[in-house]
Amino acid sequence: MINSTLYSSPIGEILLASKNNRLIGAWFEGQKYFSPGIDGTVERDDEILLKAQDWLDRYFNCEKPAIGELDLAPEGTDFRCEVWNILREIPYGKTLSYNDIAQKIAQKRGIEKMSAQAVGGAVAHNPISIIIPCHRVVGSDGSLTGYAGGLNRKIFLLKHENPEF
């Protein structure tokens, strides 16, 4: 059974979802690639949803909660999960480019190159916004490319983590 609750953030409502007491989703209201089958109704709070709310409270209060504090279970293809694992390693206030991530995957797989565009598709489908920090991925020239939650939210999150951004 999937449990869900709404979290009110400074940049809009976020639907948190869990299954088997593991966080499977954190989607902004109106986000592109919102999970099918989860309609935003509040079913009940469970332990992981309460922990996720606390994590987000601390994040928005300029603390730096660790991703490892939460039991995450994003659902996706092996490739997407591989990309999302790399996203988890990007430190607060830092960014990586889609090409950087593609190079990491190519190196790990022992292949010459990987498509940055394929990486972009995986980043866009990240089901656990903010916590798995897909907002920290930028274009090779540092440009702010798309964000499934909206470019204005991406800018807010990057400036929240690094006011000099």
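Values quoted throughout were computed directly from the atomic coordinates according to the rules given, and no laboratory measurement underlies them. Here the structure is a predicted model, which is why all the values come from computation and not from measurement. Ideal geometry is used to build each Cβ from the backbone, glycine not excepted, and the neighbour counts take in all protein chains shown.
A few remarks follow.
- When the C-alpha to C-alpha distance is required to be over 28 Å, the pairs from K108/K159; K32/K64; K32/K108; K113/K159; K51/K113; K64/K113 that qualify are K108/K159; K32/K108; K113/K159; K51/K113; K64/K113.
- Helical runs assigned H by DSSP (4 residues or longer) give the chain a calculated mean residue ellipticity at 222 nm of -10500 deg cm²/dmol, each run adding -39500 (n - 2.57) before division by the residue total.
- Amide H within-cut-off set for I128, under 5 Å, with H built and near neighbours excluded: A26
- Placed amide H near V138: partners under 5 Å, 5+ positions off or other chain: L96, S97, Y98
- Altogether, the Stokes-Einstein calculation at 25 °C and 0.890 mPa s, with the Kirkwood radius of the chain over Cα pairs as Rh, returns a diffusion coefficient of 152 µm²/s.
- Rounded to the nearest 0.05, the FRET efficiency derived from the C-beta distance between K94 and F60 at R0 = 22 Å is 0.70.
- Here the 3J(HN,Hα) profile of segment 48-62, calculated from phi with Karplus coefficients 6.51, -1.76 and 1.60 at θ = phi - 60°, is 5, 5, 5, 5, 5, 4, 4, 4, 5, 4, 5, 4, 6, 8, 6 Hz, Gly and Pro shown as x.
- Phi-derived couplings, Karplus 6.51 cos²θ - 1.76 cosθ + 1.60 at θ = phi - 60°, listed residue by residue for segment 140-150: 4, 8, x, 5, 8, 8, x, 8, 4, x, x Hz, with x used for Gly and Pro.
- Overall form of segment 95-165 per C-alpha gyration tensor (a/c, 1.5; a/b vs b/c): prolate
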